[in-house]
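Below is one structure; the comments refer to it alone.
The values are calculated or read from the model by the stated rules, or taken from the named source; none is laboratory data. These numbers come from a predicted model, not from an experiment. Cβ coordinates were reconstructed from backbone atoms using ideal geometry, including for glycine residues, and neighbour counts include every protein chain displayed.
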Amino acid sequence: MHSPAAALARPAAVAMAPPPPALPPWTPLAEALAAMAGARSSCVLATDAEGRVLGILTEQDIARRVAFRMPPEAPLAAAMTAPVVACTAGDGLWRAIALLRAKGLRHLPVLDTAGRCIGMLHRAEALSAASGRLLAHLDALAGGDAAVKQAQAGVAAALLAEGLPAGEVVALVNGINAELHRRLLERAVAAAPEPPPVPFTMLLMGSLGRGESLLRPDQDNGFILDDHPDVRHGEVDAWFRRVATAWCTALDEAGFPLCRGGVMAMNPLWRKTRTQWRDQVAIWARRRSGAALLFADIFLDFRAGWGDPAPAAALRAETLRLLEAQPALLAALAAQDARLGVGLTFWGRFADDEPGPGTRTDLKLHGLMPLAAAARLAALRAGIAETSTAGRISGLAARGTLGAASAERLHHALALLLDAVLRQQLADHAAGRQPGSLVDTAALPAPDRAALRDALRAAGSFAKDAFADAAGRAW
């Protein structure tokens with residue numbers, strides 16, 4: 001079945017057509033029009049000697065500016081539109097559609113990091129990925145960073161109203177969150193007076209690293225820096241301290257609260273070289289208590305969010321080797337995570353997690369988190385590099401560690417829990433409250449309450465076994 005959420009979460013590059021003809025800006029218009037006709041293209045690009053896009057000439061430009069107004073020998077530069085509104089290959093399709101609509105465009109070049117065109121998005125084909133009910137909400141996604149963050153709720157509500165599974169909606173919400181992180185980082189780097197002193201990779205951790213962030217995730221991020229001589233530490237660290245602080249501050253202003261535990265690249269603990277990260281994991285494995293376990297739990301969901309992904313992949317491989325050699329860290333993490341019970345009482349009623357007179361249940365703390373923690377431990381024990389909870393469950397099933405029926409039950413439990421928390425967050429947003437995870441289970445229809453109980457039982461049983469297995473392996 002065609003899924004608007006899945007389509008919109010894809011990179012823009014997936015939907016692009018080949019690039020149109022590219023010519024120097026001094027090319028006579030007659031030649032530019034001949035190139036368009038020869039390529040059967042509705043536009044032509046003006047580029048510099050390095051292939052960077054300077055302007056665009058479309059059929060609409062020809063009708064408005066060229067026909068009966070300019071001689072054939074007039075240069076392309078005289079009629080083209082500049083500067084060009086464009087997107088990058090990594091931008092989500094949601095962003096490209098928002099730009100096409102907001103700017104009234106029919107063509108959107110897709111550029112590489114050097115500003116060269118690698119493809120073209122055409123309005124009709126791009127819009128076919130979105131339903132009519134979504135388009136008004138997508139328009140808001142062309143705005144500023146804070147406006148984009150706010151618009152997520154409308155997009156998520158529209159998708160749920162169309163009957164899309166919560167997992168797919170969350171994937172789109174998470175993709176928007178990740179792209180905002182990337183976009184704001186690129187802006188912070190561009191604003192720095194000098195380029196980065198060494199190459200680096202941005203890490204996404206916690207729920208964003210798992211691909212499961214919802215409407216109001218706080219920040220869990222870090223940097224991997226290329227190794228460099230100790231004598232350069234002062235110079236290198238000063239640059240990254242300034243950029244990381246500017247980035248994390250911008251994220252906070254855009255709607256991603258600062259992490260109360262300091263798990264952010266502006267904290268030197270979370271910006272390290274490749275070697276320092278490897279040593280840090282080894283230190284956590286030796287200490288296995290207090291902050292070491294808390295930080296390791298968050299870190300182990302990391303994935304690359306910007307920059308060269310190779311250092312993150314290498315660090316993941318090194319981490320898996322270290323955990324295999326030192327399973328006591330997983331045992332200690334299992335003992336810590338075992339405190340995460342599911343939201344059911346001994347008698348099978350929903351737990352009361354709400355302070356005061358209310359009786360709502362925290363289905364993130366006592367549902368999603370135990371399931372995510374158990375899947376993480378089981379996957380790490382099996383040497384699975386995947387970071388999403390769904391991917392980890394599928395990986396365990398593929399290896400035979402988890403039966404097919406059990407995996408299906410856990411996938412269903414994850415979907416129900418995501419749906420319940422997302423709908424609660426949307427209700428909070430509509431009521432003018434900060435999105436939370438306290439769900440009014442009493443207000444649900446009886447069949448939904450029964451299904452939610454089954455989901456919590458499945459998550460609790462899986463978590464109990466995963467925590468026990470991980471704790472026992474070390475001894």
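Things worth noting here:
- Hits in the range 160-200 (condition: over 22 Å from SER388 (Cα atoms) and in a loop (DSSP other than H, G, I, E, B)): GLU162, GLY163, ALA192, PRO193, GLU194, PRO195, PRO196, PRO197, VAL198, PRO199
- Entirely in the range 367-475, the helices (runs of 4 or more DSSP H) that have 1 or more residues that are in contact with a Pro (Cβ under 9 Å, 6 or more places away or on another chain): 369-381, 404-430, 446-473
- Any hit, the range 89-96, residues being touching a residue at least 60 places away in the same chain (Cβ under 8 Å), out of contact with any His (no Cβ under 7 Å at 6 or more places or on another chain), loosely packed, with under 15 Cβ neighbours inside 10 Å and assigned to a loop (DSSP other than H, G, I, E, B): no
- If you go through the range 48-74 and keep only what is surrounded by fewer than 18 Cβ atoms within 10 Å (Cβ to Cβ), in contact (Cβ under 8 Å) with a residue 60 or more places away in the chain and at negative phi, you end up with GLU50, ARG52.
- Of all residues in the range 86-101, those satisfying the criterion of being out of contact with any Asp or Glu (no Cβ under 6 Å at 6 or more places or on another chain), more than 12 Å from ILE56 (Cβ to Cβ) and not polar (S, T, N, Q) are CYS87, ALA89, GLY90, ASP91, LEU93, TRP94, ARG95, ALA96, ILE97, ALA98, LEU99, LEU100.
- Filter result for VAL263 (in contact with a helix residue (DSSP H, G or I) (Cβ under 6 Å, 6 or more places away or on another chain) and in a loop (DSSP other than H, G, I, E, B)): yes
- Number of the condition not met by THR361 [criteria: (1) outside the structural domain of GLY209 (by TED's automatic domain parsing); (2) more than 23 Å from SER406 (Cα to Cα); (3) surrounded by fewer than 23 Cβ atoms within 10 Å (Cβ to Cβ); (4) modelled with pLDDT of 90 or more]: (3)
- Contact map, the range 204-217: residues that are assigned to a helix (DSSP H, G or I) paired with residues that are among the small types (Gly, Ala, Ser) and modelled with pLDDT of 90 or more, Cβ distance under 6 Å, separation 6+ or inter-chain. Pairs shown: SER207/SER213; ARG210/SER388.
- Pairs with Cβ under 9 Å, 6+ apart, first in the range 227-256 and of a type in the set (Asp, Glu), second assigned to a helix (DSSP H, G or I): ASP227/ARG274; ASP227/THR275; ASP227/GLN276; ASP237/PRO268; GLU253/ASP145; GLU253/ALA146
- Some residue of the range 318-329 being out of contact with any helix residue (DSSP H, G or I) (no Cβ under 8 Å at 6 or more places or on another chain), buried (at least 22 other Cβ atoms within 10 Å of the Cβ) and assigned to a helix (DSSP H, G or I): no
- Positions within the range 10-26 being in contact with a helix residue (DSSP H, G or I) (Cβ under 8 Å, 6 or more places away or on another chain), among the aliphatic types (A, V, I, L, M) and modelled with pLDDT under 95, in sequence order: ALA12, VAL14, ALA15, ALA17
- In the range 97-114, the residues that are of a type outside the set (Val, Ile, Thr), at pLDDT below 90 and crowded, with 17+ Cβ neighbours inside 10 Å: ALA98, LEU99, LEU100, ARG101, LEU105
- When the residues of the range 269-301 are filtered to those that are without any contact (Cβ under 8 Å) to a residue 24 or more places away in the chain and either touching a Lys or Arg at 6+ places or on another chain (Cβ under 9 Å) or not assigned by TED's automatic domain parsing to the domain that holds SER207 (or both), the one that is surrounded by the fewest Cβ atoms within 10 Å (Cβ to Cβ) is ASP279.
- Those residues of the range 46-56 which are in contact with a helix residue (DSSP H, G or I) (Cβ under 9 Å, 6 or more places away or on another chain) and among the hydrophobic types (A, V, I, L, M, F, W, C), in sequence order: ALA46, LEU54
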